[in-house]
Amino acid sequence: MPPTQALLQISRQLFPDRGPYVPWTYQLPPAPIPYTPAHGVCPSGSDGCIDDTIADMESRAVIMKRECDDNAPLLLSYLHTTKGEREIAQARGGFIYPQHVNDWSTTYAHHYFDAIDNYYKNGRPDLVPESWKQNFRASDDHSLTVFGNVAAAYNAHITHDLPIVIAEMGITAPDGSSYKPDHEKINELLAEAEQGTVQELAALYGDADPAMRAPYEAEPLTAIAFGQTIQIWREYAWRGAEQLLLAPTPEAKQAVEQQIDNLSNLLGDIILRLFARTDPGPHRSHCPAG
């Protein structure tokens, strides 16, 4: 048996069910930062906020799929993980601070909505972070594989948006407890939901982009690599939020924000090169099956 196939067989035996989640970030304690009030878009923290977010994603997904929009793979991935995260959490007892998580999740999604709406609908690309613009430009000229489109957008949303959102929402509860255990819980749920995401994208886009079949056929190795990348980025986002909250002056906070921008832009540039389409141009858009 070829070495790659042998490694696949071993990994499938090691991770047969819920995916290759390794909770190493649980070992990294949060910084002792005092409580700061949340500045989210769902102050009530109700489940209805998540329902409304999912409904918004679903309505956008219908249009994007119909128009063969290269931004659709990310939205479909986001929708799948948001639904899966909610269902898995409900089945297993959820979070320590569910209302805060609902407010956080809704606020986080609105950063994505704001970026894509300001770029395409509102005529305000100046309000869009550069890492998001990298992704949108690549989507418009169809220069990335399906997996590349998803990776570029995940980079913008996690390495740029997430530190800002975590800082906006605060990392310490009013009782002095850290929100980090719930942050870690989301890592676990994402690792499980992402397996279904890769399968769904392979089914929808495998014919339009044969390269999309490779991540699916290499399961669970793809999930290990992709899941660990997301976990590292999310840990970085938590630490970035801590630095934003610890900044002693506006100038120091601005320097941290610039560091966040710079890293997100650098990672975006790497993704653009790593997942560039190699088929002859001009490239056509990615149209999902069905």
Problem set entry | Test set (1) free of Cβ contacts under 8 Å to residues at least 40 places away in the same chain; (2) farther than 30 Å from Gln243 by Cα - Asp70 fails condition number | (1)
Seminar exercise, completed: With the first residue restricted to region 184-198 and required to be free of Cβ contacts under 8 Å to residues at least 40 places away in the same chain, and the second required to be of a type in the set (Val, Ile, Thr), Cβ contacts under 7 Å at 6 or more apart or on different chains are Val198/Thr222
Exercise. How many of the residues in region 115-148 are surrounded by 15 or more Cβ atoms within 10 Å (Cβ to Cβ) and outside any helix (DSSP H, G or I)?
Worked result: 6
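Give the residue, chosen from Ala89, Ala55, Ala38, that is open to solvent by less than 30 Å² (accessible area, probe 1.4 Å) and either of a type outside the set (Val, Ile, Thr) or modelled with pLDDT under 95 (or both). Write out each step before concluding.
On the way: Ala55 fails: open to solvent by less than 30 Å² (accessible area, probe 1.4 Å); Ala38 fails: open to solvent by less than 30 Å² (accessible area, probe 1.4 Å).
Answer to the selection: Ala89.
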For this session: Of the conditions (1) at pLDDT below 95; (2) in a helix (DSSP H, G or I); (3) open to solvent by less than 10 Å² (accessible area, probe 1.4 Å), Gly45 clears all except one; give me its number.
Result: (2)
Seminar exercise, completed: Looking across region 247-290 at residues that are at pLDDT below 95 and hydroxyl-bearing (Ser, Thr, Tyr), the single one that is farthest from Ala61 (Cα to Cα) is Thr278
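Could you run through region 92-107 and say how many residues are part of a helix (DSSP H, G or I) and open to solvent by 30 Å² or more (accessible area, probe 1.4 Å)?
Number of matching residues: 4.
Please go through region 236-290 and pick out each residue that is β-branched (Val, Ile, Thr), under 30 Å from Ala202 (Cα atoms) and either within 20 Å of the chain's Cα centre (by Cα) or surrounded by 16 or more Cβ atoms within 10 Å (Cβ to Cβ) (or both). Even if it seems obvious, please write down each step before you answer.
Narrowing region 236-290 to residues β-branched (Val, Ile, Thr): 249, 256, 260, 270-271, 278.
Among the residues that remain, those that are also under 30 Å from Ala202 (Cα atoms) are: 270-271, 278.
Those that are β-branched (Val, Ile, Thr), under 30 Å from Ala202 (Cα atoms) and either within 20 Å of the chain's Cα centre (by Cα) or surrounded by 16 or more Cβ atoms within 10 Å (Cβ to Cβ) (or both): Ile270, Ile271.
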Exercise. Only one residue in Pro174, Pro163, Pro98 is more than 25 Å from Glu200 (Cβ to Cβ), under 13 Å from the mean Cα position of the chain (by Cα) and in contact (Cβ under 8 Å) with a residue 12 or more places away in the chain. Which one?
Worked result: Pro163
Problem set entry | The listed residue being modelled with pLDDT of 95 or more, within 22 Å of Cys42 (Cα to Cα) and in contact with a helix residue (DSSP H, G or I) (Cβ under 6 Å, 6 or more places away or on another chain), out of Pro163, Pro125 | Pro163
For this session: Return yes when Lys185 is of a type outside the set (Phe, Trp, Tyr) and modelled with pLDDT under 95 and no when it is not.
Result: yes
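The values are calculated or read from the model by the stated rules, or taken from the named source; none is laboratory data. For clarity, every value in this text was computed on a predicted model and none was experimentally measured. In this analysis, Cβ positions are derived from the backbone assuming ideal geometry, glycine residues included, and neighbour counts consider all displayed protein chains. Please note that ligands, DNA and RNA were not included when accessible areas were found on the heavy atoms of the full protein model with its side chains. Shrake-Rupley method; radii C 1.70, N 1.55, O 1.52, S 1.80 Å.
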